Amino acid sequence: MKKKAKLAEQKADLTYLKNTRRNTDSDKEYLSQRRDSLAVRLRTGNREAAAELVDEYYQQIYLFMRRLGHDRQVSEDLTQECFFNAWHHIGQLKDGKALNGWIYRIASNVSRLHWRKHKHKEVIGIEGIEMPNSGKGEPEKMEHNEQLANLKDVVERLPQKLRETIILHYIQQLTIAEATEAAGINQGTFKSRLNRALKILRKNIK
Amino acid sequence: MKEEQINELLNELGRRAIEPVRPGLGEEIKQRIPHRLSRHKIGWDTVNIIIDLRLSKSVAAAAIIITMILLLNLFGGRDLTSGGIVKDGMLLINYWRGAGEDHVLIARSKYEHLLDRGENVIWYGDSIDVKDANSALMQRKLPDGKYELTFPDGHEKQVDSEQLVKLLTRMLEKRTK
């Protein structure tokens, strides 16, 4: 009886996994189709598509600016500037796949130009880390949260170029190809910077 | 710490190191969407595309030069059948093939080109010592009555008729010696 129950449980797990994978695949396909359509409409100069682009990306770009170390006000200004530049460079957008890389590249350039103008400005990261249901009495969770806070500090202290690679790939969750496009360098250089950054993180995280 | 652990932590940091975005920001950006979105502009966009294609600077420069020559030939009022494009192309190819150092060859091409265009030019290159930097390779009469001289080291100089006579006399004396 026990064996039968276990087998049934395993089968159910397998079916669940298969369904989940199918769902993620169809989600990806849907997202890719949506982005393709958005890119096509943007290229034809459609204003509604432009508004859609804002809805989809303005929070991401704002957080990207914050993670790059700009304060709240500057991040808002740079986010606006990023979209302003995007309207003027819509001709450079190739297709839906390139959408992420394109918008992040504009954002990276806007941020880089700002840092160039304000070389001695202090890096101001996001202040707190959201702690979901962390009970005070759980030492493991406390330790984990400390580790996260420590990691955040080390990332903020990384040199600008290395910090950007970590933020693009890990924090903003861009693929290597998209992050490379966004950073405006070739894939080899990007991977080498990523390795250097990870080495520093490994050394400094307790 | 292991690499996988770091990767996981970084991903988690991405999900948790967030802060609320001011609600009005999206609307403010939308209000600034121009009424006519520019699709593709020739100019800086073209240069940016060349940069995006990651062409080397020299290839990009060559592409721009060739385009300019073609445009000048097409819209500059020169007759295509007179060989203008061909001559310019030859000049460019000669330059790329390393003939850039050989000023005599370039001056000769220029002479032939000007001659074809019906300009008043005289070639002295066959009768002078090209090692002598003071001997003129070519003389060209300019519309203002002056003469433009081209020398073996590639430099050019404008002279009036008196100076030209003096120089030609000196060249003739050297030749007879």
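Derivation of every value follows stated rules applied to the coordinates shown; laboratory data play no part. What you are looking at is a predicted structure, and each value in this text was computed from that prediction instead of being measured. Note: ideal-geometry Cβ built from the backbone for every residue, glycine included; neighbour counts use all protein chains shown.
One table, with the values for the structure above:
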{"quantity": "Region A:59-206 - convex hull of the alpha-carbon atoms, volume per residue in Å³", "calculated": "126 Å³"}
{"quantity": "Computed E for B:ALA63/A:ASN150 - FRET, C-beta separation, R0 45 angstrom, nearest 0.05", "calculated": "0.30"}
{"quantity": "Peptide B:3-15, shielding by other chains (average Cβ, 10 Å cutoff)", "calculated": "6"}
{"quantity": "Ratio of the Cα radius of gyration of region A:133-206 to 2.2 N^0.38 Å, where N counts its residues", "calculated": "1.29"}
{"quantity": "Spin-label pair B:GLU148/A:GLU122, simplified geometry with 7 Å Cα→Cβ offset, distance in nm", "calculated": "6.3 nm"}
{"quantity": "B:GLU162 paired with B:GLU3, simple spin-label distance in nm, labels 7 Å along Cα-to-beta-carbon", "calculated": "8.2 nm"}
{"quantity": "Calculated log₁₀ intensity ratio I(q)/I(0) where the Debye formula runs over C-alpha points of region A:30-92, q = 0.17, 0.29 Å⁻¹", "calculated": "-0.62, -1.17"}
{"quantity": "Shielding by other protein chains, B:18-25, mean Cβ within 10 Å", "calculated": "6"}
